[in-house]
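Below you'll find the structure I mean.
Only the coordinates and a few stated rules stand behind these numbers; no lab work does. No experiment lies behind these values; they were computed from the predicted model shown. Positions of Cβ are generated from backbone atoms using ideal geometry, with glycine treated the same way; all protein chains shown enter the neighbour counts.
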Amino acid sequence: MKHANRLWAADALLPEGWARNVSLAWDAQGRLTEVRSDTAAEPEQPRATGPLIPGMPNLHSHAFQRGFCGLTEYRGQTADSFWSWRELMYRCAGRIDPAQVEAIATWLYVEMLEAGYASVCEFHYLHHDPQGEPYPQGPEMAHAILRAAERTGMGMTLLPVLYQTSGFGGAPAHAGQRRFLHDTAAMLRLLDTLKPACDAQGARLGLAPHSLRAVPPASLTEALDGLDAIDPTAPIHIHIAEQVKEVEDCIAWSGLPPVRWLLEHAPVGPRWCLVHATHMTADEATDAARTGAVAGLCPTTEANLGDGLFDMAHWREGAGRWGIGSDSHSTVNAAEELQWLEYGLRLTTRQRNVMAEAGQPHVATAMTLAAVAGGAQASGRPVAGLAPGQQADFLELEPGHVALAGLPARDMLSAHVFGSHRTSAIRNVWVGGRSRVREGRHALRDAAAAAFVDVRRTLVAAS
Ligand code: NGQ
Ligand code: ZN
């Protein structure tokens with residue numbers, strides 16, 4: 001479809017639900033200026049052939065980790081775990097350079113755009129050279145990520161990661177972590193340095209204290225104060241309570257589990273994204289949910305790493321918000337994250353359609369709307385779906401896909417999430433009103449894939 005700033009669709013998923021005969025218009029900045037249902041198409045207005053759904057914000061990504069997917073799926077010791085995976089991940093993190101990160105991220109963002117994500121939050125901690133020295137030309141790794149987003153058209157929230165210690169109580173960082181480290185003043189300078197580049201491409205800049213394992217309390221407070229001075233509404237993301245060992249270590253250190261510790265020592269609220277939050281007591285879950293923070297759920301990574309299942313029941317009791325991320329990228333497919341979130345709940349509750357809502361019985365529709373709203377909040381960008389003032393980030397389902405053909409629009413979305421089994425039912429994708437995927441393909445697909453394969457060959461040869 002030709003680039004245009006108007007589009008008409010017989011069916012579109014708006015924040016309040018499915019609407020018919022919808023006319024969209026957006027301005028030169030890519031913001032929606034009009035979303036009108038029950039209206040006829042104007043003669044010159046391009047028409048979508050399939051239903052439109054909002055582009056999904058991906059709220060958690062470590063781009064470089066796409067570079068070694070498939071290479072950690074063998075038994076290395078009697079009881080492999082998250083922690084043994086992390087050793088292998090550090091080996092990759094230890095040798096990768098900025099050009100390689102750019103190639104991996106470029107391919108990853110092509111994959112994301114083709115798979116239903118229109119923007120991403122990069123939880124970016126691979127800052128320095130392999131010796132742990134800052135790159136002489138400045139934050140080359142962050143610029144590599146920003147360039148990948150710019151080239152592919154991916155919406156970006158850049159979250160430089162503060163990382164200082166290897167465990168609770170100030171345990172010194174390991175050699176494998178030296179590329180990640182900043183003192184707090186250096187991190188705040190980094191944010192200042194990156195702000196103009198982010199602003200120039202419409203990226204949002206936030207901050208990610210890596211975890212309570214990696215950031216001592218005084219640094220956390222100082223960093224958050226410094227962030228407020230730069231941008232008092234900037235997003236804040238933190239990994240929390242992903243593993244039982246982390247919970248036990250936190251209790252041994254402070255007497256409190258991590259989510260409770262955070263609630264008592266930090267101003268947790270709507271700017272916050274609590275990534276994983278897998279292991280919480282019921283009270284921690286409802287109390288954290290009530291702050292308005294977003295739970296950053298990464299179901300396929302959490303499965304891949306053996307983390308555990310999120311306590312959605314208590315999170316929902318606190319009217320909790322949530323979104324999805326592809327994190328380590330063993331799966332890059334928004335629909336599949338939603339499917340696995342629901343399947344995890346079905347397997348544990350022995351019920352069906354767990355994520356349906358009072359006003360929205362169709363699970364895929366309810367989950368898409370919830371994850372877009374939560375993801376937008378966590379991104380700190382106006383990417384909350386098809387409504388005036390939001391970015392024109394949306395996609396068109398392929399009405400000719402065998403799993404979808406002939407169905408009503410809402411069932412097409414259900415079939416996309418629960419019945420298209422890894423074949424893409426996404427036809428066209430627009431980000432900020434610009435067409436980025438046509439007939440299922442991003443323009444950079446072939447070149448980016450070839451560059452990615454080359455980089456991976458080099459990385460594997462060096463291992
Ligand atoms: C990360 N990934 O920072 O890439 C982490 C592993 C850690 C996930 N938590 C490292 N999935 O948490 O120490
Ligand atoms: Zn992570």
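Classify the chain as rounded, prolate or oblate, taking a ≥ b ≥ c as the square roots of the eigenvalues of its Cα gyration tensor: rounded when a/c is under 1.5, otherwise prolate if a/b is larger than b/c and oblate if not.
prolate
Continuing with the same structure: Output the Kirkwood hydrodynamic radius of region 320-440, Cα pairs only, in Å rounded to one decimal.
15.3
OK, next. Net charge within 12 Å of GLY296 by Cβ-Cβ distance, Lys/Arg positive one each and Asp/Glu negative one each, not counting GLY296 itself?
Surrounding charge for GLY296 is -3.
Turning to a different aspect of this structure: Can you show me the helix-derived [θ] at 222 nm for the chain, built from DSSP H runs with n ≥ 4 at -39,500 (n - 2.57) apiece and divided by the number of residues, rounded to the nearest 500.
-11500 deg cm²/dmol
Turning to a different aspect of this structure: Excluding GLY94 itself, what net charge comes from residues whose Cβ is under 13 Å from its Cβ, given Lys and Arg +1 and Asp and Glu -1?
Summing Lys and Arg as +1 and Asp and Glu as -1 gives +2.
Now a separate question. Suppose R0 equals 35 Å. What FRET efficiency, 1/(1 + (r/R0)^6) with r the Cβ-Cβ distance, do GLU439 and ASP192 give to the nearest 0.05?
Working from the Cβ atoms, E equals 0.25.
Still on this structure: Roughly how tilted is helix 409-418, in degrees to the nearest 10 and between 0 and 90, from the longest Cα axis of the chain?
30
I would also like to ask the following. What FRET efficiency comes out for the pair VAL460/ALA40, r = Cβ-Cβ distance, R0 = 56 Å, nearest 0.05?
With R0 = 56 Å, the Cβ-Cβ based efficiency is 0.50.
Can you list the chymotrypsin sites (Phe, Trp or Tyr not before Pro) in region 292-366 that are in a DSSP coil and have 15 or fewer other beta carbons within 10 angstrom?
Answer by residue number: there is no such site.
Follow-up question, since we're still on this one. Is the shape of region 100-187 best called rounded, prolate or oblate, per the rule: a/c under 1.5 gives rounded, else a/b larger than b/c gives prolate, else oblate, with a ≥ b ≥ c the square roots of the Cα gyration tensor eigenvalues?
Taking the square roots of the gyration eigenvalues as a ≥ b ≥ c, region 100-187 is prolate.
Then there's this: Within region 284-309, whose backbone N sits under 13 Å from a point 7 Å along Cα→Cβ of SER84?
Within reach of a label on SER84: 306.
Find out how many positive minus negative residues lie around ASP287, taking Lys and Arg as positive, Asp and Glu as negative, among other residues whose Cβ is under 15 Å from that of ASP287.
-1
Enter the angle in degrees (range 0 to 90, nearest 10) between the Cα long axis of helix 82-93 and the first principal axis of the Cα atoms of the chain, meaning the one along which they spread out most.
Roughly 90 degrees, rounded to the nearest 10.
Hey, got a sec? Which chymotrypsin sites (Phe, Trp or Tyr not before Pro) in region 1-98 land in a DSSP loop and have at most 10 other Cβ atoms within 10 Å?
TYR74
Among rounded, prolate and oblate, which fits region 417-463 when a ≥ b ≥ c are the square roots of the eigenvalues of its C-alpha gyration tensor, a/c under 1.5 means rounded, and a/b larger than b/c means prolate?
Note, shape of region 417-463 comes out oblate.
Let me ask something else. Separation between the ALA28 and ASP97 pseudo-spin-labels, each 7 Å from Cα along Cα→Cβ, expressed in nm?
4.1
If you count, for each residue, the other Cβ atoms within 10 Å and average over each peptide, how do 414-426, 44-56, 295-307 line up from highest to lowest?
295-307, 44-56, 414-426
Kindly work out what percent of the DSSP beta bridges joining two residues of region 161-304 are antiparallel, to the nearest 5.
That works out to approximately 15 percent antiparallel.
Then there's this: Say R0 is 51 Å: what FRET efficiency, to the nearest 0.05, do ASN21 and ARG352 get from their beta-carbon distance?
Efficiency, rounded to the nearest 0.05: 0.95.
Can you run phi through the Karplus equation (6.51, -1.76, 1.60; θ = phi - 60°) for region 224-234 and list ³J(HN,Hα) in whole Hz, with x for Gly and Pro?
Ordered by residue, 3J(HN,Hα) equals 5, 4, x, 4, 4, 5, 7, 7, x, 10, 5 Hz.
Return the whole-Å distance between the Cα centroid of region 311-331 and the Cα centroid of region 405-463.
After rounding, the separation between the Cα centres reads 23 Å.
Here is a further query. About the Cα centre, and with charges only on the beta carbon of Lys, Arg (+1) and Asp, Glu (-1), how big is the dipole of the chain? Nearest 20 debye, please.
In debye, rounded to 20, the chain gives about 840.
Roughly how tilted is helix 334-349, in degrees to the nearest 10 and between 0 and 90, from the longest Cα axis of the chain?
70
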